[in-house]
Amino acid sequence: MINTEGMVAETATKIYTDLCARDVPHEAEAGRYPQALWDALTENGLPLAWVSEANGGFGADHDEVFGAIWASAQAASPVPFAETLIANWMLDRAGLAPADGSASFALSGHTPSADIPFGMHADKIVLFDEAHHEISLFDNRVAVRSPEESLSPDGMTQFIFSGHLAEQSAKTDLSRRGIEALILTVRAVQMAAAMESALGLSIDYVTQREQFGRPLSKFQAIQQQLAVAASECAAATMAATQAASAIARHSDDPEQAWHEAVVAKVQIGHSVEAVTVPFHQVHGAMGYTQEYDLHHYTRRLWAWRDALGNEHLWSKRLGEALAVTSPDDIWKGVTTGDWTGGKSVAS
């Protein structure tokens, strides 16, 4: 299980419990940004949890911060908490000061633009330029922002990097795989948490709702659907936990956690349809209404599944990496989580 104990995780859980009640995601989607929630997170320094003490943060253990990310996803938090954590971590690894305000991130690609999660709300954008091994910080508030189509209630925008000057830039020792490992693991933790919350909603609903004089939970077909969904949720949580543990073990060189992160991405990506379909089915028409809470989890799951590419793309990438890795190194990685033997060959 994801570690939900410790100061960071427990503080985040309390903030989300107090300030992210079920009406908050609904209000945020209607255009009322929960500034009080974001202010509470920043006042407690939580967006700086992965920033080193020398750079103004408090260098919290990775596994404890994953507990805070878990709490945010379970609350269907409509603020860029996880995104800011990732962006500040990237800046810190380049020796740059953390972002002033909220932030999101992007990785360089074939075009000088990127789709940015929370792009309408993030104050800053942090870019990893793979070609030059640089981290750059951009002010998103001076950019022309127009929303892109997105399944997620959090939305996204497209940012054109070639039209803006970076506020600061620096070389980094991070590789693209290292950054991918952290991003994929964060998304895996969020997705597993969202699945658990949606499962809880579904169980509560079928327990309380009656048809033909008895609760829906007494019908064998309903029990079968939720049993399958529960097993997928358990697999997702285990995959996310393994990836988070790998990041914690290899915090100095997150590239070594890339394989576990990709495995979690693939496993949980395949689980999304297997859980969201029965969740909506057992709710009947209620599960498709805007007023009900379920879509705040399922829509994020669909969006997170496609972030940085879906499970099919990552299955291909993982297969390509393993195809040039020796059988002994593959077996060592599967059984011990240590993939360093094949790192130089697969990179």
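Things worth noting here:
- Carbon/sulfur fraction of accessible area - the range 275-319, other protein chains in place, 1.4 Å, %: 61 percent
- Carbon + sulfur, % of accessible area of the range 53-189 - ligands and nucleic acids excluded, 1.4 Å: 48 percent
- One chain, two ends: residue 30 and residue 238. Fully extended at 0.36 nm per residue, the span grows by 71.4 nm beyond their Cα-Cα distance.
- With all protein chains kept in place, the per residue accessible area of the range 1-53 amounts to 54 square angstrom at a probe of 1.4 angstrom.
- Square roots of five times the Cα gyration tensor eigenvalues for the range 226-347, Å: 33, 13, 13
- Between amide H atoms placed 1.01 Å from N, distances below 5 Å from residue 167 occur with 137, 138, 139, all of them 5 or more places distant or on a separate chain.
- R0 of 51 Å, Cβ-Cβ distance residue 253-residue 212: FRET efficiency to nearest 0.05: 0.30
- Each of the chymotrypsin sites (Phe, Trp or Tyr not before Pro) that DSSP puts in a loop and that has at most 16 other Cβ atoms within 10 Å breaks the chain; the longest unbroken stretch is 59-211.
- Förster radius 22 Å - calculated FRET efficiency between residue 100 and residue 176 (Cβ-Cβ, nearest 0.05): 0.25
- Residue among 185, 298, 157 with the largest mean-square fluctuation in a Gaussian network model of the chain, springs linking Cα atoms under 10 Å: 157
- GNM remark for the chain: springs join alpha carbons under 10 Å apart, and the peak mean-square fluctuation among 335, 13, 241 falls on 335.
- Rh by Kirkwood over Cα pairs, then Stokes-Einstein D for the range 1-147 at 0.692 mPa s and 37 °C, µm²/s: 209 µm²/s
- Extended-chain gain in nm, criterion 0.36 nm per residue less alpha-carbon gap, residue 328 and residue 204: 39.9 nm
- Tilt relative to the chain, helix 258-283 - C-alpha long axis, 0 to 90 degrees, to 10: 30 degrees
- Nearby lysines by direct alpha-carbon distance to residue 124 (threshold 27 angstrom, same-chain neighbours under 8 apart not counted): 14, 171, 265
- 15 Å cut-off, amide nitrogen to a point 7 angstrom out along residue 219 Cα→Cβ, residues in the range 260-302: 278-287
- At most 16 other Cβ within 10 Å, DSSP loop - GluC sites (Glu not before Pro), the range 1-82: 5
- At R0 = 51 Å, FRET efficiency that the Cβ-Cβ distance of residue 54 and residue 149 yields, to 0.05: 0.80
- Cα-projected label distance for residue 130 with residue 312, points at 7 Å along beta-carbon direction, nm: 2.1 nm
- Mean projected area in nm² (Cα convex hull; one quarter of hull surface) for the range 125-244: 10.9 nm²
- The Stokes-Einstein estimate for the chain, based on a Kirkwood radius over Cα pairs and taken at 20 °C with 1.002 mPa s viscosity, is a diffusion coefficient of 104 µm²/s.
- Rounded tilt (10° steps) of 327-336 against the dominant C-alpha axis of the chain: 60 degrees
- Cα→Cβ-extended label distance, 7 Å offset, between residue 335 and residue 42, nm: 5.1 nm
The values are calculated or read from the model by the stated rules, or taken from the named source; none is laboratory data. Just so it is clear, the structure is predicted and the values come from calculations on it, not from any experiment. Note that each Cβ is placed from the backbone with ideal geometry, even for glycine, and that neighbours are counted across all protein chains shown. Ligands, DNA and RNA are excluded from the accessible area calculation, which covers all protein heavy atoms including side chains. Shrake-Rupley method; radii C 1.70, N 1.55, O 1.52, S 1.80 Å.
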